[in-house]
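Here is the structure we will look at.
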Amino acid sequence: MISGAITSEEIEKLPPEIKSLVRGGRVKPDEYAIRKHGDHEYETRFLSKEEVEGVLRALPLEITFANKDYRIKFYTRSSFSEGFVRTKTTIGRRIEYCHPPRLEKLVKKTADEVLSGREPYKEFWTRLGDRVMRVIIAPVRNRAGEIIGVLEIVEDLTDIVENVERIKKSVVVL
């Protein structure tokens, strides 16, 4: 567990005036635990299963992951907007067969290009009813840099495309 509790050794390193406040009980250190039992460890630290699921739902996009054998293993649902319809029957299917038949060859070709490393990613724009959707197909690599799958990212950009001037005016330079 990673905790925010201050040890006696750390208290000894504090300036004398702060040390006396802490020892006198007038200042209480903030106590917290970052990593909890059951958290999953990632390169950038820790999250629980519930936190991972919440983070994925909070993204303003949806993702689908297919392994290097082109089989769908995972997809998300955004609480912001719904992209393409995905159901649990998608799991285990080849990525090209999760799209309309007229797109199967394009999806297979795109997955081939990305999974082989010939393309760093592919970007497509399409309409879904009255919505403008951007689709990005990107390779997923392990820490050794090997391609282990492909990610399909679907983002509803209708509001941006239809309100370019309003968006430009609202840009804040940080």
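Listed values, structure above:
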item: Phi to ³J(HN,Hα) by Karplus 6.51 cos²θ - 1.76 cosθ + 1.60 over the range 42-57, Hz, x for Gly, Pro; result: 10, 4, 9, 2, 10, 8, 7, 4, 4, 5, 4, 4, x, 4, 5, 5
item: Computed Rg/Rh of the range 24-174, alpha carbon atoms with Kirkwood Rh; result: 1.08
item: Value of [θ]222 nm, deg cm²/dmol, for the chain, DSSP H segments ≥ 4, -39500 (n - 2.57) each, nearest 500; result: -7500 deg cm²/dmol
item: Cβ-based exposure ranking for Ile6, Ile167, in which fewest neighbours within 10 Å come first; result: Ile167, Ile6
item: Listed pairs Lys49/Lys73; Lys49/Lys108; Lys73/Lys108; Lys49/Lys168; Lys49/Lys109 exceeding 27 Å between Cα atoms; result: Lys49/Lys108; Lys49/Lys168; Lys49/Lys109
item: Label-to-label distance, nm, for residues given as Leu151 and Lys108 (7 Å Cα→Cβ offset); result: 2.7 nm
item: The range 132-174-the range 30-68 distance, computed between alpha-carbon centres (Å); result: 20 Å
item: Segment His99-Tyr121, extension gain: residue separation times 0.36 nm, minus the distance between their alpha carbons; result: 6.1 nm
item: Candidate aspartates and glutamates - alpha carbon under 20 Å from Lys28, same-chain residues fewer than 8 apart omitted; result: Glu9, Glu10, Glu12, Glu17
item: Whether the range 116-174 is rounded, prolate or oblate, judged on the alpha carbon gyration tensor where a/c under 1.5 counts as rounded; result: oblate
item: Area projected by the alpha carbon convex hull of the range 50-116, averaged over all directions, nm²; result: 5.0 nm²
item: Ser48/Asp130 FRET efficiency (R0 41 Å; Cβ-Cβ; nearest 0.05); result: 0.60
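Read-outs throughout are calculated quantities, based only on the coordinates presented, and are distinct from any laboratory measurement. The structure displayed is predicted, hence computed values, not measured ones. Cβ atoms come from the backbone with ideal geometry, glycine included; neighbour counts cover every protein chain shown.
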